[in-house]
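Structure first, then comments.
No lab work stands behind these numbers, since they all come straight from the coordinates. From a predicted model like this one, the values you see are computed outputs, not experimental measurements. Cβ coordinates were reconstructed from backbone atoms using ideal geometry, including for glycine residues, and neighbour counts include every protein chain displayed.
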Amino acid sequence: MSDNPFPLSLEDLMRAYRTMRTIRDFEERLHIEFAKGDIPGFVHLYAGEEAVATGVQMHLTDIDRIASTHRGHGHCIAKGVDVHEMMAEIYGKATGSCRGKGGSMHIADLSKGMMGANGILGAGAPLICGAALASKFRGDRGVGITYFGDGAANQGTVLESMNLAAAWDLPVVFVVENNGYAESTSVEFATGVDSYVDRASGFGMPGVTVDGMDFFAVYEAAGEIIRRARDGGGPALLECSVARFYGHFEGDAQTYKAKGENEYNRENRDCLKSFRKRVCDAGLATDRDFDQIDLEVARLIDDAVASAKAAPLPKPSELLTDVYVSY
Amino acid sequence: MSDNPFPLSLEDLMRAYRTMRTIRDFEERLHIEFAKGDIPGFVHLYAGEEAVATGVQMHLTDIDRIASTHRGHGHCIAKGVDVHEMMAEIYGKATGSCRGKGGSMHIADLSKGMMGANGILGAGAPLICGAALASKFRGDRGVGITYFGDGAANQGTVLESMNLAAAWDLPVVFVVENNGYAESTSVEFATGVDSYVDRASGFGMPGVTVDGMDFFAVYEAAGEIIRRARDGGGPALLECSVARFYGHFEGDAQTYKAKGENEYNRENRDCLKSFRKRVCDAGLATDRDFDQIDLEVARLIDDAVASAKAAPLPKPSELLTDVYVSY
Amino acid sequence: MTRKISYKTAINEALDQEMTRDPSVILLGEDIVGGAGAPGEADAWGGVLGVTKGLYAKHGDRLLDTPLSESAYVGAAIGAAACGMRPVAELMFIDFMGVCFDQIFNQAAKFRYMFGGKAKTPVVIRTMVGAGFRAAAQHSQMLTPIFTHIPGLKVICPSNAYDAKGLLIQSIRDDDPVIFCEHKNLYGSECAVPTESYTIPFGEANIVREGKDVTIVSYGLTVHRALDAAESLARKDRIEAEVIDLRTLSPIDWDTVMESVEKTGRLVVVDEAHPRCSLACDIAAYAAQHVFEALKAAPQMVTAPHTPTPFSPSLEDIYIPSADAIVAAVGKTIARVKAA
Amino acid sequence: MTRKISYKTAINEALDQEMTRDPSVILLGEDIVGGAGAPGEADAWGGVLGVTKGLYAKHGDRLLDTPLSESAYVGAAIGAAACGMRPVAELMFIDFMGVCFDQIFNQAAKFRYMFGGKAKTPVVIRTMVGAGFRAAAQHSQMLTPIFTHIPGLKVICPSNAYDAKGLLIQSIRDDDPVIFCEHKNLYGSECAVPTESYTIPFGEANIVREGKDVTIVSYGLTVHRALDAAESLARKDRIEAEVIDLRTLSPIDWDTVMESVEKTGRLVVVDEAHPRCSLACDIAAYAAQHVFEALKAAPQMVTAPHTPTPFSPSLEDIYIPSADAIVAAVGKTIARVKAA
Ligand SMILES: Cc1ncc(C[n+]2csc(CCOP(=O)(O)OP(=O)(O)O)c2C)c(N)n1
Ligand SMILES: Cc1ncc(C[n+]2csc(CCOP(=O)(O)OP(=O)(O)O)c2C)c(N)n1
Ligand SMILES: [Mg+2]
Ligand SMILES: [Mg+2]
């Protein structure tokens, strides 16, 4: 076996790959199932951006917390939320992560430190400041990660939270997933700056931009930032340039994208392809090893879909539970 | 008569002095009248910060608009709002700028381009973006100025507005009046940065910090920024370091200030004193000229207080007018 | 001329006609162009559900795609209105009001009063309301009672394409801030709508079905549930319900509602909002106070439950007030006739 | 032991005792220390009206002076609550809710339901409500109906020092988000309060005066106006009013209110909020629907008008519901007795 040129053990490398593959398959499958009309509501797919959630969250344990977005499936999977429960939730079933009450935009698992996907742009930023504050009070060295897109980066809540985190030296990492679009609107319409990373210094924190399609780039930059936050060094901003492979939500005709944009990105910027190639080229694993993972993941997703479909819907009586005021 | 070393004509110099003196006297008088218990509610005095409102607004005409704060008397006076009506408003009288319905925190005069003091921190920033947008659509070359304190600088509305103004290239000037305190809390507790000026670049606009106790410094910096905005060059941030001579509001014991802080500032950082000295030293005017203005202003304020006191309160029927739904 | 068009098209047409008529009308919102400057500009989204589609081609830069900063751009619309424009801002979902409510309720709503009558703020905030879209707790709320509570705001919620067009044109011409609530589950519903421009005055409820036995008051989507209930009551129980569509929640047409209650003696109010401090309460209480003598039975309220909107179809379907629930409520007013 | 202390002191004591008892209780807000790190730290403000004065000296860094970023710090309190802390955030005036409402109504309020019952959010948001301070339109609102409308929020508004202490301790220990409304014009009002810690359960209204002729329901400051009205009615008109102090608006104690209405047959609801979709409507409508048979007269609502709060004393004094207005409303319920 050759020397490992990567900052992760082979085991962790394969774990990272499995996470990214699971996210990709989960999303590709939703794309198919949605088209069939089986899935209620809107779903926003994370396909293409897997390296961000995975590269960042490989550094986390259950003590660490994340606050996610409307495009949250990838963050959930990388935080260890049960894929069966997630799928069932998206199908609106009683066996879902939120017992069918939340749906795609509200998957949460606080026991795993996953504080929820969120239907409100930027809303996770204050929440994660609170999680980080709790960790600071407890002295448990927990770190909080909040994700937001290039569009949500301009929500007042996000901006206020950056200031708060810096003022209070909170262990928070602000991750911008800059995929160039907010729904159908180009990031050029969202702001007067070329990169959000310049905002960091204005709030008193370091910032760094990386290629979010490159797992290793994300992993290394996030590692340093997270370590620093964990050691009491305060917050930071991590901007990841990414591409989303699908539309804003399923059903989006993507007329606003350049012709061939998706194809180009899939061909040349696929985090899974480049990861696999680099690890194979380094002689650490073979295509067979990866194929094996792919196979296992495909089975997992198949199984998740099958059991989600077979699962019962919530009972009508569920409508009135889980709000304290009994009406 | 000696050469004029200042970028203003003698007439404008005396006008600037008169404005600052009017603000100072207005506020000093309110301080006295408030202590007597005659003035309802809270008043936040602008005394000490006169050079900012005046230095900025000497560049404006009625086509330009300002959005002010809870500490708004100075901005109003510098925008030409009638001093008698202002005083009457603060006394809650029917003859007030808002016919007694607004009070100190809501003085407005849209005919003068004064869009209102505001009881909500940061709320003027979006509004002034709208004023600037209206000017842009009309092509009237109007500029919008929004003021906020070192505390309010961290409101999401302000931060969002900076981004919006830059994204849309709006003719807006964001003026931070950094007096070191938000109520009783030092600016060190409000943010992780030493100066708000660094924020400008993160939103894609230029920023500059000046001594807000020096009329000429404010005047020159504001002039350049306002000209640029007027010519379509987009927004900018102007940070003015100032000192407030009184408490946050009247009645504040100011325990949070250093011993002698107010005295020091009054002695060494009084914009009126330094203005007068510089103009006299340049041989453009004499103490007599300034004393004459002081006298006229004192009479104006006396008269404003007397007529405010004598003015009638709003009639009970006024309670229900000026809301469209007749109930 | 009239022809059948959808609620969505009617809104689009109202915006188009007002933009054509009045250069001070501008539109601001997230993705309201939806791809300006992009290769597919000609086929731009025109809003997340296509309501503003085509307007960019006609009116160009008078439509502004905004940053995702609701406080800033809704506030800018308000500021521009105070400076003489007539902006129409789109708040994509009413559920997002929590990130920009201050500009609406403390600024726009209060200027006129706070400034002693010396300001006007002719801004319209268009926004999607209501459940039934499988969009879960943060994209399905009504929240109309919150806006109705605030003095200084006018609150409109049309139930059909005809009203949508006439009320939106009225909203744009109105000199006060208007919250214009579009029920997302009505966008596809069609009816006959004149091609010309017309207005419907605020504060005029619409009697959409006449009847003598009971008054059912509602607005928005549930007007149709009320009509279904009325049909069923007529068919099965020979009960003739009068159905009133409020159309405008603030100002509200108390006269029409109270006259009907005085005639029928029975009142059922249907509100898709949560029960507490709702429009259902508002109307039932007003009737109880003002036409108490006329009431032959206890007024009944039919609302969504006091719960967030659930995601699962099995729960959401029973969340929205149903025609059955309305029929049952009518039953209570008729079963329990006043002893008198 | 009990002794007379003010509403303000009672709140301070509740916070102090809970902070002492439970290390997970922390306080966040603007100027709640008010001069930490400053020369006058020992004599720091302790909140803009001194409610938290002295707590910093005892509990140190568990009180956090926040940046003026309500969304961020209220949201942080909510996030910390979801992670096991029991934060008490101060929103200085309820009027500022517009800059942070999303965190309250879409996040804190909905977590439990949206996450299928798997989250709890024990956060308290303390805030000042009400008029009478000459503070004008943006610092005088009640807005209690808005919070009461939202499922998932508990809304509390004590009328006296005893209730303030017991309800605040209950709020801190409660596992749901609580909006704790302190009427700024009650801070100075005193009554007997035990030194020990105690709780008052939510959903238990208080009959503050017994009577047989008419039920007057209120909360907060106007409870005292209702009591004044009741005294005057007893003295001048021999009418014995029963006065109910709701104390908690959500959950609300329907049983106590309805039992009283069943006894007296007459209802007057007094609410310092605006009239539309108010708690006055909420309670009057509930009574009309549920105890209609018992009502001998039309229920009456006494509220602030449908206007922003005016600044001038001459207008503000007539803005808040007065004892006279309550007496007049009672008169209407008694003059217009039901024909029955
Ligand atoms: C406060 C708020 N405003 C608007 C929306 C509607 N919305 C949902 S996703 C989205 C675009 C988000 O773009 P971005 O932040 O770049 O994330 P991406 O979808 O690209 O991952 C918008 C406008 C929302 N959910 N919340
Ligand atoms: C949204 C909002 N939050 C809080 C307040 C209460 N408040 C009024 S003035 C003030 C301090 C403002 O400090 P700063 O912005 O520095 O202005 P300064 O008073 O120093 O001029 C605070 C907290 C408010 N009015 N609005
Ligand atoms: Mg994006
Ligand atoms: Mg300050």
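Restricting attention to chain D, close to 25% of DSSP beta bridges with both partner residues there are antiparallel. Altogether, the Stokes-Einstein calculation at 20 °C and 1.002 mPa s, with the Kirkwood radius of segment C:206-333 over Cα pairs as Rh, returns a diffusion coefficient of 149 µm²/s. Between the helical axis of D:222-232 and the longest alpha-carbon principal axis of chain D there is an angle of about 30 degrees. Reported value for the protein assembly as shown: 164 Å³ per residue, from the convex hull of its C-alpha atoms. On the rotation that sends chain A to chain B, the chain A Cβ lying closest to the axis gives residue and distance in whole Å as A:Gly156, 1.
Amide H contacts of D:His183 (H built 1.01 Å from N, in plane; Pro and chain starts excluded): D:Val129 sit under 5 Å, all sequence-distant by 5 or more or on other chains. Each copy carries C:Ala234; placing its label point 7 Å along the C-beta direction from Cα gives inter-copy distances of 5.6 nm, listed from smallest up. Residues whose amide H comes within less than 5 Å of that of D:Val25, counting only those at least five positions distant or on another chain, are D:Arg86 (H built at 1.01 Å from N in the peptide plane). Remark: the A:Leu10-A:Thr286 segment gains 98.2 nm on full extension, using 0.36 nm per residue and subtracting the alpha carbon distance. Residues C:Tyr198, B:Tyr91, ranked from the fewest to the most other C-beta atoms within 10 Å, line up as C:Tyr198, B:Tyr91. The ranking of D:Ile320, B:Ile66 from fewest to most other beta carbons within 10 Å of each one's beta carbon is D:Ile320, B:Ile66. GNM, chain A, Cα, under 10 Å: largest mean-square fluctuation among A:Asn154, A:Asn268, A:Asn179? Greatest mean-square fluctuation among the candidates belongs to A:Asn268.
The mean sequence separation of alpha-carbon pairs under 8 Å and at least six residues apart, normalised by the residue count of segment C:63-213, gives a relative contact order of 23 percent. Compared with the rule-of-thumb size 2.2 N^0.38 Å for a compact globular protein, chain C has a Cα radius of gyration ratio of 1.00. Annotation for B:Thr321 and C:Lys58: the two label points, set 7 Å from Cα along the Cα-Cβ direction, are 4.1 nm apart. Residue by residue, segment C:241-251 carries 3J(HN,Hα) couplings of 8, 8, 10, 10, 9, 5, 6, 10, 8, 8, x Hz when phi is fed to the Karplus relation 6.51 cos²θ - 1.76 cosθ + 1.60 (θ = phi - 60°); x denotes Gly or Pro. Cross-link check: pairs C:Lys236/D:Lys296; A:Lys36/A:Lys315; A:Lys136/D:Lys58 evaluated at a Cα-Cα cut-off of 28 Å; pairs beyond the cut-off: C:Lys236/D:Lys296.
Rounded, prolate or oblate: pick one for chain B, where a ≥ b ≥ c are the square roots of the eigenvalues of its C-alpha gyration tensor, a/c under 1.5 means rounded, and failing that, prolate if a/b is larger than b/c, else oblate. The shape class here is rounded.
Computed from the C-beta positions of B:Asp3 and C:Asp175, the FRET efficiency with R₀ = 56 Å rounds to 0.55. Spacing of the modelled spin labels on C:Glu41 and D:Ile334, each 7 Å from Cα toward Cβ, amounts to 7.5 nm. Here the 3J(HN,Hα) profile of segment B:113-123, calculated from phi with Karplus coefficients 6.51, -1.76 and 1.60 at θ = phi - 60°, is x, 9, 8, x, 5, 8, x, 10, 4, x, 5 Hz, Gly and Pro shown as x. Within segment B:32-90, the trypsin sites (Lys or Arg not before Pro) that combine a DSSP coil assignment with at most 12 other C-beta atoms in a 10 angstrom radius are B:Lys36. Residues C:Tyr162, D:Tyr219 in ascending order of nearby Cβ atoms (within 10 Å, fewest first): C:Tyr162, D:Tyr219. Amide H to amide H, with H built 1.01 Å from N, B:Glu250 comes under 5 Å of B:Val43, B:Leu45, counting only residues 5 or more places away or on other chains. Indicate the gyration tensor shape class of segment C:2-194 (rounded, prolate or oblate), computed on the Cα atoms with a ≥ b ≥ c the square roots of the eigenvalues: a/c under 1.5 is rounded; otherwise a/b larger than b/c is prolate and the rest oblate. Since a/c stays below 1.5, the shape of segment C:2-194 is classed as rounded.
How many percent of DSSP beta bridges within the protein assembly as shown run antiparallel, rounded to 5? So the antiparallel bridges in the protein assembly as shown amount to around 20 percent. Considering only the label points, 7 Å along Cα→Cβ from Cα, what distances in nm to one decimal separate B:Asp38 from the same position in each other copy, shortest first? Ordered by increasing distance: 8.0 nm. Cα axis of helix D:323-335 to longest principal axis of chain D: angle in degrees, 0 to 90, nearest 10? Roughly 40 degrees, rounded to the nearest 10. Working from Cα pairs under 8 Å separated by at least six residues, relative contact order for chain D is 16 percent. Summarising the strand pairing of chain B, around 10 percent of its internal DSSP beta bridges are antiparallel. Between this copy and the others, label points of A:Gly283 are 8.9 nm apart in ascending order, each placed 7 angstrom from Cα in the Cβ direction.
Each label point was placed 7 Å from the Cα along the Cα-to-Cβ direction; for C:Lys212 and A:Asp140 their separation is 7.0 nm. Would you tell me the mean number of C-beta atoms belonging to other protein chains that fall within 10 Å of each C-beta in C:90-101, as a whole number? Across C:90-101, the average partner-chain Cβ count within 10 Å equals 6.
Residue by residue, segment D:169-179 carries 3J(HN,Hα) couplings of 5, 4, 4, 5, 7, 5, 8, 10, x, 10, 9 Hz when phi is fed to the Karplus relation 6.51 cos²θ - 1.76 cosθ + 1.60 (θ = phi - 60°); x denotes Gly or Pro. Using only alpha carbon pairs under 8 Å that are at least six residues apart, calculate the relative contact order of chain A and give it in whole percent. So the answer I get is 23 percent. Angle check, please: helix C:7-21 long axis (alpha carbons) against the longest principal axis of chain C (alpha carbons), in degrees 0 to 90, nearest 10. Taking the Cα atoms of chain C, the angle to C:7-21 is about 50 degrees.
Result for chain C in a Gaussian network model with C-alpha springs under 10 Å: among C:Leu246, C:Leu233, C:Leu68, the largest mean-square fluctuation is at C:Leu68.
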